[in-house]
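K.L.:
One structure is given below, represented as structure tokens, and several questions about it will come after.
The values are calculated or read from the model by the stated rules, or taken from the named source; none is laboratory data. Remember, predicted model here, so these are calculated numbers, not experimental data. Cβ sites come from the backbone with ideal geometry, for glycine too, and all protein chains shown count toward neighbours.
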Amino acid sequence: MNDILIKNGRVVDPSQQIDEVRDVLISDGVIKDMGKNLKKKGAEEFDAAGMVVAPGLIDMHTHLREPGREDEETIYSGTRAAAAGGFTSICCMPNTRPVCDSRTGVKYILSRVHEVGVVNVYPVGAITVGQEGQQITEFGDLISAGAVAFSDDGHPVMNAEIMRRALEYTAMFDVPILDHCEDLNLSNIGMMHEGFIQSLLGLAGIPAAAETIQVGRDIELLEFFGGRLHICHVSARGSIHLIRRAKKRGVNVTCEATPHHLTLTDALVKETNFDTNTKVKPPLTSEEDRQELIKGLQDGTIDVIATDHAPHTDKDKDLVYIDAPFGLIGMETAIPILFTNLVHKKLITVSQLVEKMSLNPARILKIERGTLKAGVVADVAIIDPERRHTINANNFFSRSRNTPFEGEKCRGAVDTTIVGGRIVYSKGKILEEKCK
Ligand SMILES: [Zn+2]
Ligand SMILES: [Zn+2]
């Protein structure tokens, strides 16, 4: 493995409160040194002048679809999409076919990652067997096989008693529950945010309370019974209020928001004339909700930005709005969209972005990543904050194209991704020969 010397980049590492121009030396797959005017004989030099050099990004919420729906995504394609998005580690949700609810399921994913993956993948085990909400899985067994968290994402745990047991169980192992909060009785047949636009369009609505009720319930359960709770894809301002208040009184809850909820609203359903790439759970909400999410990012209520990358084929999405599946992809658009709409508009700093896309996910998952400290495995994302380009789904490494950001003019792009000291992605290409 070559040594790599990254020269003159703007190093942004919130774990060490660093945001200044430095060189970074990678040797034997780990961060060796960081400083000014570093030299190393024989090292491959990388000129990062004008670029942001950050610890590799960590996406806590993706769907890789393998096993079962390899027509939508595979571990091969999904890890390449991750690398192209600057993500060096990702969590994959268990709602595959079969559901990842056993040791065998976790082992299968890890063996496929070993064979064909180009980034680190951390499997998330199901909370309940078959994600049916009835019987809790063998957490200890799944953890020893490699699961880092538990979730019934896509199939919310409706039974509060089951959620109580799951939280108590996570406390024994100190792993988080990744909680998709949705009261299915309230969301029912709804397909977009219940509000003014929805009433104009006449589609069945999903009230914000479908989310906030479970956020409130699970914070209560957490306070009573302990455990670790991370709330997925927060979208409603009421949820932010609940989480902010809980954090103020010292409750150990964390949460994430997605790039699409941070930048889009339900108005897009109307503006795009029912483009099914606006159909997602939780639904795109109102501008008031979006503003509260941004406040939540700024004041630390929102710990993490995660994509909820949810691939669907054109065939499945090319249906009338009511029949199309929920979900959209996000790993390859996250950095361009977040730089354009949040960083360049000065709503958050680059350091806050890196904290929420690398350091905080690593802390919540308790994995030794998310930092450029000497001695840590060299996962690095190099971002060109000024590069102007237009989102074109035909260039994606993902097998799916279901993005609401097609044609969006962006300022900011991932230039290069380094995983374990190897350059796996650079300037639009996966460097296959360097992956193994
Ligand atoms: Zn979900
Ligand atoms: Zn999801």
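K.L.:
In the list 101, 71, which residue meets the criterion of being of a type in the set (D, E, K, R) and either within 26 Å of residue 428 (Cα to Cα) or outside any loop (DSSP other than H, G, I, E, B) (or both)?
P.N.:
71
K.L.:
Next question. Can we say residue 238 is of a type outside the set (Lys, Arg), assigned by TED's automatic domain parsing to the domain that holds residue 161 and part of a loop (DSSP other than H, G, I, E, B)?
P.N.:
no
K.L.:
For segment 352-373, give me the residue count where each residue is surrounded by fewer than 24 Cβ atoms within 10 Å (Cβ to Cβ) and at positive phi.
P.N.:
Selection size over segment 352-373: 1.
K.L.:
If you scan segment 325-354, which residues turn out to be in contact with an Asp or Glu (Cβ under 7 Å, 6 or more places away or on another chain) and within 14 Å of residue 401 (Cα to Cα)?
P.N.:
Those that are in contact with an Asp or Glu (Cβ under 7 Å, 6 or more places away or on another chain) and within 14 Å of residue 401 (Cα to Cα): 325, 330, 331.
K.L.:
Exactly one condition in (1) under 28 Å from residue 96 (Cβ atoms); (2) surrounded by fewer than 23 Cβ atoms within 10 Å (Cβ to Cβ); (3) not small (Gly, Ala, Ser) is not met by residue 278; state its number.
P.N.:
All conditions are met except number (2).
K.L.:
Within segment 173-183, track down each residue that is within 12 Å of ligand 1 (Cβ to nearest atom) and under 11 Å from residue 206 (Cβ atoms).
P.N.:
182
K.L.:
Test residue 76 against the criterion of being farther than 27 Å from residue 167 by Cα, among the aromatic types (Phe, Trp, Tyr) and either in contact (Cβ under 8 Å) with a residue 24 or more places away in the chain or within 15 Å of ligand 2 (Cβ to nearest atom) (or both), and give yes or no.
P.N.:
It is true that residue 76 is farther than 27 Å from residue 167 by Cα, among the aromatic types (Phe, Trp, Tyr) and either in contact (Cβ under 8 Å) with a residue 24 or more places away in the chain or within 15 Å of ligand 2 (Cβ to nearest atom) (or both).
K.L.:
Looking at 289, 266, 299 in this structure, which one is away from ligand 2 (no atom under 16 Å from the Cβ) and loosely packed, with under 15 Cβ neighbours inside 10 Å?
P.N.:
Selected residue: 299, the only one of 289, 266, 299 that is away from ligand 2 (no atom under 16 Å from the Cβ) and loosely packed, with under 15 Cβ neighbours inside 10 Å.
K.L.:
What helices (runs of 4 or more DSSP H) lie completely within segment 248-355 and have 3 or more residues being more than 16 Å from ligand 1 (Cβ to nearest atom) and out of contact with any strand residue (DSSP E or B) (no Cβ under 9 Å at 6 or more places or on another chain)?
P.N.:
Here the list reads 267-271, 287-299, 314-317.
K.L.:
What's the total number of residues in segment 110-150 that are touching a helix residue (DSSP H, G or I) at 6+ places or on another chain (Cβ under 7 Å) and part of a helix (DSSP H, G or I)?
P.N.:
Residues that pass the stated criteria total 9.
K.L.:
Looking at this structure, is residue 274 aromatic (Phe, Trp, Tyr) and farther than 22 Å from residue 150 by Cα?
P.N.:
For residue 274, the condition - aromatic (Phe, Trp, Tyr) and farther than 22 Å from residue 150 by Cα - is met.
K.L.:
Then there's this: Quick one: what pairs do we get from segment 320-331, first residue on the phi > 0 side of the Ramachandran plot, second within 13 Å of ligand 2 (Cβ to nearest atom) and at pLDDT 95 or above, C-beta under 7 Å, 6+ apart or different chains?
P.N.:
327/280; 327/310; 327/312
K.L.:
Being over 20 Å from the mean Cα position of the chain (by Cα) and at pLDDT 95 or above is true for just one of 324, 334, 310, 306. Which residue is that?
P.N.:
Result: 324 is the single residue among 324, 334, 310, 306 that is over 20 Å from the mean Cα position of the chain (by Cα) and at pLDDT 95 or above.
K.L.:
Please enumerate the residues belonging to segment 41-59 that are more than 14 Å from residue 352 (Cα to Cα) and among the small types (Gly, Ala, Ser).
P.N.:
42, 43, 48, 49, 50, 56 - these are the residues of segment 41-59 that are more than 14 Å from residue 352 (Cα to Cα) and among the small types (Gly, Ala, Ser).
K.L.:
Residues to consider are 403, 333, 416; find the one that is in the same structural domain as residue 13 (by TED's automatic domain parsing) and hydroxyl-bearing (Ser, Thr, Tyr).
P.N.:
Within the list 403, 333, 416, the selection yields 416.
K.L.:
Could we say that residue 206 is of a type in the set (A, V, I, L, M), within 21 Å of residue 360 (Cβ to Cβ) and in contact (Cβ under 8 Å) with a residue 60 or more places away in the chain here?
P.N.:
No.
K.L.:
For segment 134-150, give me the residue count where each residue is more than 16 Å from residue 228 (Cα to Cα) and surrounded by fewer than 18 Cβ atoms within 10 Å (Cβ to Cβ).
P.N.:
Total satisfying the criteria: 6.
K.L.:
Let me ask something additional. What do you reckon, is residue 95 in contact with a Gly (Cβ under 6 Å, 6 or more places away or on another chain), surrounded by fewer than 23 Cβ atoms within 10 Å (Cβ to Cβ) and in the same structural domain as residue 361 (by TED's automatic domain parsing)?
P.N.:
So residue 95 passes the test.
K.L.:
Tell me whether segment 415-423 contains one or more residues that are more than 30 Å from residue 326 (Cα to Cα) and either part of a loop (DSSP other than H, G, I, E, B) or among the aromatic types (Phe, Trp, Tyr) (or both).
P.N.:
yes
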